[in-house]
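Working notes, beginning with the structure itself.
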């Protein structure tokens, strides 16, 4: 009769080989998925785009714009301002709240936080917004925006940002019942390379784009 310890020793190489094959398969799959999302589109990557995106987003997304030849020259933030009913019944306005920084800090504290999905959605929606029809040569066309808002046809990206802001009202500490919210885009330009040794002043070299207030809607809170 075979001893139990002999069976254990015999099963160890099998278990080790299974672990090796599994880890190798996982690494090869991740490598191929990363190549598929970073290289130019091919018929194969287009056909399996949903599976590729499901693997990469939101935890393994790659952004190479930090590097040459086109490094960023400014920080871009999504900001929000709220109108709310205060304790005495009057309508007050909050200060501007930096939503991008709020989500960035939350994800940095916990890299596996589900808020990373909202963070990526916020980033993608802000990029879609500045590429939408309401921007002409990088400038906001206020007349067109007002016409679209009046007929409830504002860009979907703007509506997405407004909904995210609505879901954050409790988390950012709005002291009363929100009645309206508006979105803004804040750009902070980096110091020129010749002034790189100077401390960065976050209040200087800023520009801001502000969108109209919209009525607050009840959405699930984050």
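The values are calculated or read from the model by the stated rules, or taken from the named source; none is laboratory data. Since the structure is predicted, the reported quantities are computational estimates derived from the model, not experimental observations. Ideal geometry is used to build each Cβ from the backbone, glycine not excepted, and the neighbour counts take in all protein chains shown.
Quick grid of which residues meet (1) farther than 30 Å from residue 104 by Cβ; (2) in contact with a helix residue (DSSP H, G or I) (Cβ under 8 Å, 6 or more places away or on another chain):
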site: 18; (1), (2): yes, no
site: 24; (1), (2): yes, no
site: 28; (1), (2): yes, no
site: 39; (1), (2): no, yes
site: 47; (1), (2): yes, no
site: 54; (1), (2): no, no
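Here residue 115 meets the list (1) modelled with pLDDT under 90; (2) out of contact with any helix residue (DSSP H, G or I) (no Cβ under 9 Å at 6 or more places or on another chain) almost entirely, failing just condition (2).
Selection of the range 91-101 for residues being touching a residue at least 24 places away in the same chain (Cβ under 8 Å) and over 16 Å from residue 188 (Cβ atoms) yields 91, 92, 94.
Quick one: count up the residues across the range 36-46 that are surrounded by 10 or more Cβ atoms within 10 Å (Cβ to Cβ) and within 25 Å of residue 121 (Cβ to Cβ). Residues that pass the stated criteria total 6.
Is it the case that residue 131 is modelled with pLDDT of 80 or more, closer than 25 Å to residue 158 by Cα and outside the structural domain of residue 187 (by TED's automatic domain parsing)?
Details: modelled with pLDDT of 80 or more: yes; closer than 25 Å to residue 158 by Cα: yes; outside the structural domain of residue 187 (by TED's automatic domain parsing): no.
Taking the combined requirement at face value, the residue does not satisfy it.
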